[in-house]
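Notes to accompany the following structure.
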Amino acid sequence: MNRCGPVRLTDLARTVGITQGTASTLTDALVREGLIERFADESDRRVTLLQTTATGRRQAETWASAYTAAAYELFSILSGKEQLALTELLQRLADSIDG
């Protein structure tokens, strides 16, 4: 949501790999925390869209920075050649899962 803009709950649930009910429960909590907001789709009032708030965007950036720093620290023990080999192996695994 932070990168792609407003999204439907059903699309979010499918992308993340959770049920719509679970996504709805999580969404309720994020709305209460002021991290996301709901609003009606102007082209179809039956559809509710979700988007991050300014607070949510700042929090997402904080989390992303912390994640990047942790990943950097974790993989820094590997040489550049080892990191490349690991990346290639992980890509092969991902490709085999995707089909």
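The values are calculated or read from the model by the stated rules, or taken from the named source; none is laboratory data. Everything numeric here is computed off the predicted structure, so don't read it as measured data. A quick note on method: Cβ atoms are made from the backbone with ideal geometry, for glycine too, and the neighbour counts reach across all protein chains shown. With ligands, DNA and RNA removed, areas are computed over all heavy atoms of the protein, side chains included. Shrake-Rupley method; radii C 1.70, N 1.55, O 1.52, S 1.80 Å.
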- What residue among 16, 47, 31 shows peak mean-square fluctuation when the chain is described by a Gaussian network model with Cα springs under 10 Å? 16
- Largest fluctuation, 89, 78, 35 only, Gaussian network model of the chain with Cα springs under 10 angstrom, belongs to 89
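How big is the charge dipole of the chain about its Cα centre, in debye rounded to the nearest 20, if each Lys and Arg gets +1 on its Cβ and each Asp and Glu gets -1 on its Cβ?
The dipole of the chain has a size of about 200 debye.
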- What whole-number value in Å² describes the accessible area per residue of the chain for a 1.4 Å probe? 79 Å²
- Rounded to whole Hz, the Karplus (6.51, -1.76, 1.60) HN-Hα couplings of the range 39-48, x for glycine and proline: 7, 6, 6, 5, 7, 8, 4, 6, 9, 9
- Accessible surface of the chain [probe 1.4 Å, protein heavy atoms]: carbon and sulfur percent: 56 percent
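Helix-only mean residue ellipticity at 222 nm, the chain, DSSP H runs n ≥ 4 weighted -39,500 (n - 2.57), per residue, nearest 500. What is it? Show your work: numbers first, answer last.
Details: 4 runs with 62 residues, N = 99.
Counting only the DSSP helices, I get -20500 deg cm²/dmol.
What translational diffusion coefficient, in µm²/s and rounded to a whole number, does the Stokes-Einstein relation yield for the chain at 10 °C and a viscosity of 1.306 mPa s, taking the hydrodynamic radius as the Kirkwood radius over Cα pairs? Intermediate values should be presented prior to the final figure.
On the way: Rh = 16.2 Å.
Using the Kirkwood radius from Cα pairs, D works out to 98 µm²/s.
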- Using a Förster distance of 22 angstrom, determine the FRET efficiency expected from the C-beta separation of residue 3 and residue 98, and round it to 0.05. 0.60
- Message: Compute the helix-to-body angle for 54-75: its Cα long axis versus the longest principal axis of the chain, expressed 0 to 90° and rounded to tens.
- Response: 10 degrees
